[in-house]
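The values are calculated or read from the model by the stated rules, or taken from the named source; none is laboratory data. Keep in mind that this is a model prediction, so the values were computed, not measured. Glycine gets a Cβ as well: all are built from the backbone with ideal geometry, and neighbour counts include every protein chain shown. When the accessible area is computed, the model is the full protein with side chains, heavy atoms only, and any ligands, DNA or RNA have been set aside. Shrake-Rupley method; radii C 1.70, N 1.55, O 1.52, S 1.80 Å.
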Amino acid sequence: MKLESIVLQNFRGFNGRVAVPISSITTFVGRNDVGKSSILDSLGVFFEHPLCKADNSDACVHPDESGEVRVGCVFSDLPESLTLDSTVETTLQAEYLLDANGRLEIHKVWQLNDGKISRLKTIIIANHPTAQGFSDLLLQKRPALQSEARRLGVDDQANMAS
């Protein structure tokens, strides 16, 4: 996999959302306190390097209205296949895990309350298919999904085990 860009939102001196493109050779040049180290530290936070943990000092002093601090990475040159559960082979595309440009985009997002960060969540920006009446399908629990499969008459094609 190849890192294509870094997405920062309300991270240190980066207020609002900023995408930093990364190429085969990327150099950060600039005077002091313009964000060079912040970009590198954001990668440490994203990849959970032991010396780089997100804390309240990573929140932008003047954040946008989103109420969150975000560090994301966008990857290309993805593996052709993945093996799940040691037996099932699939692809990121077949699992609907790619964005509209066919790249893997993963973001780590912290809620921002009164200048303090909390509640980390990891999200994937994906181009998932939609169908009328099924917008909340991914939020449903097993009993509701089983009910819906029976209603649609596809319960013979679904894993109905509890």
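Computed values, structure above
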| quantity | calculated |
| --- | --- |
| Residue match in the range 99-111 (condition: among the aromatic types (Phe, Trp, Tyr), surrounded by 11 or more Cβ atoms within 10 Å (Cβ to Cβ), over 19 Å from Ser5 (Cα atoms) and out of contact with any strand residue (DSSP E or B) (no Cβ under 9 Å at 6 or more places or on another chain)) | no |
| Residue satisfying all of: in the range 68-85; of a type in the set (Gly, Ala, Ser) and at pLDDT 95 or above; least open to solvent (accessible area, probe 1.4 Å) among these | Gly72 |
| Tally of residues being surrounded by fewer than 18 Cβ atoms within 10 Å (Cβ to Cβ) and either under 30 Å from Ser24 (Cβ atoms) or within 20 Å of the chain's Cα centre (by Cα) (or both) across the range 52-67 | 7 |
| Where a residue in the range 27-45 is without any contact (Cβ under 8 Å) to a residue 24 or more places away in the chain and surrounded by fewer than 12 Cβ atoms within 10 Å (Cβ to Cβ) and its partner, wherever it lies, is assigned to a helix (DSSP H, G or I) and not hydroxyl-bearing (Ser, Thr, Tyr), with Cβ under 7 Å and at least six apart | Gly30/Lys36 |
| Leading residue by the ranking (surrounded by the most Cβ atoms within 10 Å (Cβ to Cβ)) among those in the range 120-162 that are of a type in the set (S, T, N, Q) and more than 27 Å from Glu105 (Cα to Cα) | Gln146 |
| Pair list, Cβ under 8 Å, 6 or more apart: the range 50-76 residue under 19 Å from Ser5 (Cβ atoms) and in contact (Cβ under 8 Å) with a residue 60 or more places away in the chain, other residue open to solvent by less than 30 Å² (accessible area, probe 1.4 Å) and aromatic (Phe, Trp, Tyr) | Val69/Phe11; Val69/Trp110; Arg70/Phe11; Arg70/Trp110; Val71/Phe11; Val71/Phe46; Gly72/Phe46; Cys73/Phe46 |
| Neighbours by Cβ (under 9 Å, 6+ apart or cross-chain): first from the range 120-139, touching a residue at least 60 places away in the same chain (Cβ under 8 Å) and farther than 28 Å from Ser76 by Cα; second of a type in the set (Lys, Arg) and open to solvent by less than 70 Å² (accessible area, probe 1.4 Å) | none |
| Which numbered condition Thr91 fails, given (1) loosely packed, with under 12 Cβ neighbours inside 10 Å; (2) under 21 Å from Met1 (Cβ atoms) | (1) |
| Residue among Leu112, Leu138, Leu120, Leu145 that is in a helix (DSSP H, G or I), under 28 Å from the mean Cα position of the chain (by Cα) and within 28 Å of Leu8 (Cβ to Cβ) | Leu138 |
| Some residue of the range 6-26 being within 15 Å of Ile117 (Cβ to Cβ), part of a loop (DSSP other than H, G, I, E, B) and more than 16 Å from the chain's Cα centre (by Cα) | yes |
| Residue within the range 90-101 that is in contact with a helix residue (DSSP H, G or I) (Cβ under 6 Å, 6 or more places away or on another chain) and either at pLDDT below 95 or part of a strand (DSSP E or B) (or both) present | no |
